[in-house]
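Report on the structure given below.
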Amino acid sequence: MLDKFFGELVGTFIFLSVIITSGHATSRCADSFVWIKIGLALSVAILLVGALSGAQLNPAVSVMLFLNKELTIPQLVVYISGQLFGAVLAYFYYVYLKKNYKNSM
């Protein structure tokens, strides 16, 4: 189960890091290719951790699989915990970048 936790953590971190940094960039400049960055980030995250955890990368997907009886409650907790920790790490990564690279963000 630890592999699933870290797979979801890493995949969610990668995906959300690109979303939050791309979203901030578009508020300052007209970047019409943000959708490509986000799509590629999701693809890379799925390729990296798909074999490890299934790359659900979203609590809504995990809950849906639980309701479909494909996950047990302990598995659901592991998946959602990994996703939430990945999201928190992505936020702190963004704060770090914003603090240390003010001119580029």
Legend entry - Subset of segment 72-105 (residues that are closer than 21 Å to Ser22 by Cβ, in contact (Cβ under 8 Å) with a residue 60 or more places away in the chain and either part of a loop (DSSP other than H, G, I, E, B) or not aliphatic (A, V, I, L, M) (or both)): Gln83, Gly86, Tyr91, Tyr93, Tyr94, Lys98, Met105
Inset, instruction - Take Gly7 and decide whether it is closer than 22 Å to Thr72 by Cα and at pLDDT 95 or above. - result: yes
Inset, instruction - Scan segment 1-19 for residues that are polar (S, T, N, Q) and either outside any helix (DSSP H, G or I) or on the phi > 0 side of the Ramachandran plot (or both) and report the count. - result: 0
Legend entry - Qualifying position, being outside any loop (DSSP other than H, G, I, E, B) and of a type in the set (D, E, K, R), among Lys37, Lys69: Lys37
Legend entry - Criterion (β-branched (Val, Ile, Thr), surrounded by 14 or more Cβ atoms within 10 Å (Cβ to Cβ) and modelled with pLDDT of 95 or more) met by exactly one of Ile14, Ile20, Ile38, Ile73: Ile14
Inset, instruction - Please go through segment 46-57 and pick out each residue that is within 15 Å of Leu16 (Cα to Cα) and surrounded by fewer than 19 Cβ atoms within 10 Å (Cβ to Cβ). - result: Ile46, Leu48
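The values are calculated or read from the model by the stated rules, or taken from the named source; none is laboratory data. What you see is a predicted model, and the numbers here were worked out from it, not measured in a lab. Don't worry about glycine lacking a Cβ; one is built from the backbone with ideal geometry, like all the others, and counts go over all protein chains shown.
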